[in-house]
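Reviewing the structure listed below.
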Amino acid sequence: MPLLGVPESVIMSASARWLVSIAIAISVIVVASVVAEMALDHGETEFGPGTPEATVQAYFRAIQQRDTETAIAQFTTDLQERCSTEDLRLSYQYLSDFSARIRDTPVRGEVTQIDMGIAINGGGSPFGGGYDVDQLISLEQEDGEWRISESPWPSDCP
């Protein structure tokens with residue numbers, strides 16, 4: 001018997017289409033979340049202790065965690081005297097999210113410069129606003145350990 005004058009075969013095909021649409025939408029969401037998880041779970045390289053890369057990695061991890069003391073500990077004594085924890089804290093107070101990548105590390109004796117690529121998130125803006133920073137981070141040997149010798153991003157020390 002037709003419901004409200006609409007043949008039963010039309011009603012069933014409309015509900016079947018609705019169910020298929022829901023199933024497709026759920027499948028797309030599941031696939032998108034799996035792809036996003038795979039893209040985010042690329043793993044971070046762990047650099048060996050005592051290397052220039054490990055020093056830079058410790059610095060950027062500390063910046064991400066807002067751990068100013070650990071970040072400054074990666075600096076040479078001279079840079080620590082010129083850059084206070086307050087200077088560093090003010091440098092990153094509005095920083096939202098970033099990722100850093102080491103591109104090259106030419107070691108020349110007791111001095112090296114690490115070529116970095118830093119991608120800064122747009123702060124959650126729906127219109128983007130992110131940007132990239134190219135940075136050469138200078139390091140020197142001090143007491144047998146690699147230490148950052150010039151004010152690196154995002155610090156603004158004299």
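Restricting attention to the range 59-75, report how many residues are within 12 Å of the chain's Cα centre (by Cα) and under 15 Å from Q93 (Cβ atoms).
3
Being among the hydrophobic types (A, V, I, L, M, F, W, C) and under 15 Å from the mean Cα position of the chain (by Cα), is that true of even one residue in the range 84-98?
Checking the range 84-98: at least one residue is among the hydrophobic types (A, V, I, L, M, F, W, C) and under 15 Å from the mean Cα position of the chain (by Cα).
Are any residues in the range 60-99 touching a strand residue (DSSP E or B) at 6+ places or on another chain (Cβ under 6 Å) and closer than 18 Å to R147 by Cα, and if so, which ones?
F60, Q74, F75, T76
Readers should treat all values here as calculations from the given coordinates under stated rules, not as data from a laboratory. Every value quoted in this text rests on a predicted model; they were computed, and no experiment measured them. Neighbour counts run over all protein chains shown; Cβ positions are idealised from the backbone, glycine included.
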